[in-house]
Amino acid sequence: MSSFTSNYRNLQSTYPFLPKHGGDIESAVSFFNIKRERWLDLSTGINPNSWMSQNLYLPDEIFQRLPEKNDELQLAALRHYLTCIEDQQNMMAPPIALSASNILPCAGSQQAIQWLPQLRQQKSVNWQQDKVWVTDGSFSGHRESWENAGFRVNISPCQQIERVLVTQKVDVLVVINPDNPTGYQWDIAKLLSWAKILSRRGGWLIVDEAFAHELQSSVCSQLEENIEHLSGIFVLKSVGKFFGLAGIRSGFVISSEKNIKALSNLQGDWALGHVAQYITQKAFMDSQWITSQIQQLSQQSQRLNMLISKYFGIKAIGSSLFQTFYSANAYQYFYKLAEKGILVRFLPATQFSNTGIRIGLPANEPEWERLELAIKNILSE
């Protein structure tokens, strides 16, 4: 049992209702006896306005074909993540130095999170001596995967990682950018400078960019200038968050050709179904929708930030898909919202932070009104 799982079970004795992850509506339905259709789920940080609302035509054949190696999908993904060009079909688009061999489709970035410790065991002769560092209070899947594989996992707050690199042994460093759920933003140049240091001594930098969809907030914007260090860099990308397509479980890993080949061998055949491949590739090609959503999500996130400030009097931080704030009364707010059928994400206290709440974006005006009214009511009770 990982230390995180043990800590989580201990917390369950303190908090009567404590979902392990966002999106656990079934637990909420059972605990509060509120029918599923009455819930407003703001606990995941997934774009509530899915790209699939574009009424995409799905040919019958895509449901009958087994997955195939699809260089076109990988190249479309590379162009999207590395250049964000206006028109993916433009033959005059700038060339990219990376190839389809540098990117691997997977069943969501979570699958890659589970593979990477296994790959490290293959690559590192004395992996039992490796020290893995993750950031405190961040998405628990990273820590669990490394601990379950037998690695020694150390924890540091985001703000102290640079000091850790100077004063401690670091073989694998895992950061989430922007951090989930704290919203902490890492400087891209600094991340890449750390990657160079780690790469020279056989270490790895793993950057989970599940919530990063703007080029300027991604290390992908500078990967081509740092090709010589790709052996020590893994970038995890999620299609589900920005495109609102969590249900198709689509994601990618970007790294060196050797790393991608080794990960592919661990993955085996048919990890990403043909339907998911087809939808993902079509989504990458929709430059108009992508441009529109980047703008809309930014505006909606600012609106949520202002709502939290107005009613709770607390400064929130986050990404364009969620906002997070910390308060000694966080569990009380979380529980009372749940009693009204609104599920947000409760964040237990860590060594470096108070209890907190992460709130995703409502999908439409009635949902915004429902959230605001519920907050007014719980604060007046």
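The values are calculated or read from the model by the stated rules, or taken from the named source; none is laboratory data. Quick caveat, the model's predicted, so the values are computed rather than measured. With ideal geometry, Cβ positions are generated from the backbone for all residues, glycine too; neighbour counts draw on all protein chains shown.
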Looking at the range 304-326, which of its residues are polar (S, T, N, Q) and at pLDDT 95 or above? 305, 309, 323, 324
Taking the range 182-204, which residues are buried (at least 24 other Cβ atoms within 10 Å of the Cβ) and either among the hydrophobic types (A, V, I, L, M, F, W, C) or at pLDDT 90 or above (or both)? 195, 204
Given (1) outside any helix (DSSP H, G or I); (2) modelled with pLDDT of 95 or more, number of the condition residue 301 does not satisfy: (1)
All but one of (1) within 18 Å of the chain's Cα centre (by Cα); (2) closer than 16 Å to residue 116 by Cβ; (3) of a type in the set (Phe, Trp, Tyr) hold for residue 204; which doesn't? (1)
Could you look through the range 290-313, keep only residues that are more than 15 Å from residue 45 (Cα to Cα) and small (Gly, Ala, Ser), and pick out the one that is surrounded by the most Cβ atoms within 10 Å (Cβ to Cβ)? 309
Near pairs, Cβ below 8 angstrom, 6+ apart or cross-chain, from the range 1-30 (modelled with pLDDT of 85 or more) to any residue that is among the charged types (D, E, K, R) and exposed (fewer than 13 other Cβ atoms within 10 Å of the Cβ): 25/36; 26/36; 29/35; 29/36
Scan (1) part of a helix (DSSP H, G or I); (2) buried (at least 23 other Cβ atoms within 10 Å of the Cβ) for the single condition residue 358 breaks and write down its number. (1)
